[in-house]
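One structure follows; several queries about it will come next.
Throughout, read-outs are computed from the coordinates displayed, never taken from laboratory work. Predicted, not measured: the structure shown is a model, and the values here were computed from it. We place every Cβ from the backbone using ideal geometry, glycine too, and count neighbours over all the protein chains shown.
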Amino acid sequence: MSRSADRARRGPAVRLKPARDRSVAHRHPWIFAGAIDDVVGDPQSGDTVSIVAAGGEALAVAAYSPASQIRARVWTFDPGETVDDAFIADRIGRAAALRAPMFDSKHDAARLVHGESDGLPGVVADRYANVVVLQLTSAGGERRREAIVGALAALPGVTAVYERSDAEVRTLEGLPPRTGAASGVLPPDPAIVEDGIAYGVDPIAGQKTGFYLDQRDNRRIVRSLARGRRVLNVFCYTGGFTLAALAGGAARAMSIDSSADAIAQARANVARNASLDPATSEWIEADAFVDLRRLRNAGASFDLIVVDPPKFAPTAAHAERAARAYKDVNLLALKMLEPGGMLATFSCSGGVSAELFQKIVAGAAVDAKADVQIVRKLGASADHPVALGFPEGEYLKGLLLRRA
Ligand code: SAH
């Protein structure tokens with residue numbers, strides 16, 4: 001055994017129950033409380049621990065989280081590796097390198113760090129032009145906060161790191177919310193360019209870190225299909241798909257969201273782009289479940305519809321109720337879709353698999369008495385990679401459908 005591995009094993013350690021080392025062997029980064037036989041030493045929240053098999057073999061180095069059912073999250077599957085500031089900086093550098101080619105004159109936004117899938121459990125960092133918005137949701141991320149902020153602030157061109165560690169899941173790790181500037185000063189009106197379209201982004205009060213970067217590739221697909229079409233964008237947030245469709249030559253677009261702030265930002269986003277005619281877009285602040293019924297009863301029809309709801313099922317426990325909601329919105333959308341029209345429909349629910357989602361949408365098509373083809377399966381953009389050992393990372397699934 002190397003000297004560093006030996007050293008690691010003399011610090012705090014988590015010993016797994018017999019035959020519970022399979023998931024670590026498959027490079028899954030979560031150690032659940034139920035798999036743990038024994039905790040050696042007295043590790044505190046965020047402390048680095050060795051993960052050890054029942055037989056004593058060191059398997060990995062992880063961050064300990066006493067409050068969470070996910071009791072430890074693996075930093076590295078090399079038990080001899082030292083987790084220090086240099087380790088964190090190296091991981092962030094590798095993550096940023098994957099995204100470097102995604103920035104050019106038409107794009108200045110991308111997710112730089114995608115948590116577990118970038119080897120940084122519970123760490124998300126989104127770059128919006130010169131600003132990085134950071135979200136920490138794990139005890140380990142919290143412990144390494146300074147190193148993470150430092151590494152992000154040191155990336156070329158970054159002038160501010162703003163923290164949005166206010167996600168609900170932090171409570172599961174026993175962490176209080178934290179928001180505010182972590183480095184530098186936010187510019188007064190942060191904005192990005194995606195595919196040549198300008199969008200305002202609000203890191204302070206926007207949803208998630210301010211913008212749904214995961215839909216970038218899908219917005220481009222919608223744009224390519226939009227020419228001459230009458231578009232409906234349900235759950236539009238700040239208008240991402242709507243502006244993409246208008247830029248692609250949509251005849252007109254109607255967009256629905258229940259958030260007044262999102263609608264206000266969406267309207268402002270149209271105004272930001274001189275090439276877009278505000279007269280071609282209509283924005284409706286409403287509950288989509290109610291407003292889609294109103295539209296259907298009024299006999300509305302569309303040629304291109306986007307349905308991108310919020311996470312109805314964060315975990316599998318919510319899957320049944322979520323299934324009803326997904327079916328409802330997709331049924332209403334399909335009923336208003338002209339023959340030959342296209343529907344881009346999504347689920348970002350961890351608790352609903354791609355297979356289940358497809359079944360739900362198929363059920364909606366049966367009820368709508370519509371013949372529907374899958375033209376393409378959709379997922380998150382390439383700045384949201386999925387580690388092969390961590391299938392949970394593949395949360396966004398979508399279908400591009402055509403009504404016969
Ligand atoms: N497609 C968007 C992201 C959508 S996120 C983009 O590309 O940017 C989901 C959106 O659904 C949020 O903006 C949220 O405000 C909205 N929402 C949540 N519940 C809703 C409801 N019942 N009716 C309408 N909008 C809702």
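Which lysines does K335 reach when only Cα atoms under 28 Å apart count, and residues fewer than 8 places away in its own chain are ignored?
K311, K327, K359, K369, K377, K397
If you add up the charges near E142, with Lys and Arg at +1 and Asp and Glu at -1, over every other residue whose beta carbon is less than 9 angstrom from its beta carbon, what do you get?
Charge balance in the 9 Å sphere: +4.
Angle check, please: helix 260-272 long axis (alpha carbons) against the longest principal axis of the chain (alpha carbons), in degrees 0 to 90, nearest 10.
70
In region 250-404, what is the volume of the convex hull around the alpha carbon atoms, normalised per residue and reported in Å³?
Enclosed volume per residue, from the Cα hull, is 136 Å³.
How long is the gain from E81 to R267 if the chain were fully straight, where each residue apart is worth 0.36 nm and the alpha carbon distance is subtracted?
Values: separation 186, 0.36 × 186 = 66.96 nm, distance 5.01 nm.
Net length gain for the segment: 61.9 nm.
Also: Apply 1/(1 + (r/R0)^6) to the Cβ-Cβ distance of R27 and A54, taking R0 = 22 Å, and write down the FRET efficiency to the nearest 0.05.
Result of the calculation: an efficiency of 0.70.
Placing +1 at every Lys and Arg Cβ and -1 at every Asp and Glu Cβ, with all other atoms neutral, what dipole size does the chain have around its Cα centre, in debye to the nearest 20? Intermediate results must be reported in sequence, preceding the final value.
Numbers: 49 positive and 47 negative charges, 205 e Å.
In debye, rounded to 20, the chain gives about 980.
Going by average Cβ density within 10 Å per residue, which order do the peptides 232-242, 294-304 take, highest to lowest?
Top of the packing list down: 232-242, 294-304.
Search the structure for amide H atoms under 5 Å from the amide H of N233, placed 1.01 Å from N in the peptide plane, and list their residues when 5 or more places away or on another chain.
M254, S255, I256, V306
While we're here: In what sequence do R220, R164, R143 fall when counting other Cβ within 10 Å, fewest first?
Working: R220 15, R164 24, R143 20.
Lowest count first: R220, R143, R164.
Right, something else. Using label points projected 7 Å from each Cα along Cα→Cβ, tell me how many nm separate A97 and D367, to one decimal.
Modelled inter-label distance: 5.0 nm.
Given +1 on the Cβ of Lys and Arg, -1 on the Cβ of Asp and Glu, and no further charges, what dipole in debye does region 43-185 carry about its Cα centre, rounded to the nearest 20?
300
Counting only residues 5 or more places away or on other chains, whose amide H sits under 5 Å from the amide H of R178 once H atoms are built in the peptide plane?
Hits under the 5 Å cutoff: S165, D166.
Let me check I've understood the local charge: for I263, count other residues with C-beta under 12 angstrom from its C-beta, Lys and Arg +1, Asp and Glu -1. What total comes out?
Values: positive: R267; negative: D257, D261, E282, E285.
So the surrounding residues net to -3.
If you line up the long axis of helix 85-99 against the longest principal axis of the chain, both from Cα atoms, how many degrees apart are they, to the nearest 10?
Helix 85-99 and the main axis of the chain meet at about 30 degrees.
Rank T137, T345, T179 by mean-square fluctuation in a GNM of the chain with C-alpha springs under 10 angstrom and give only the top-ranked residue.
T179
Of K335, K208, K369, which has the largest mean-square fluctuation in a 10 Å C-alpha GNM of the chain?
Top of the fluctuation ranking is K369.
If you don't mind, there's one more thing I want to ask. Angle, helix 319-335 long axis vs. longest principal axis of the chain, Cα atoms, 0 to 90°, nearest 10?
20
Another question, if that's okay. Could you work out how far the C-alpha centroid of region 268-326 sits from that of region 214-232, in angstrom?
Distance between centres, Cα-based: 14 Å.
Which value in deg cm²/dmol, rounded to the nearest 500, describes the helix-derived mean residue ellipticity at 222 nm for the chain, given -39,500 (n - 2.57) per DSSP H run of n ≥ 4 and division by the residue count? Mind showing how you got there, number by number?
Details: 11 runs with 113 residues, N = 404.
So the helix-based figure for the chain works out to -8500 deg cm²/dmol.
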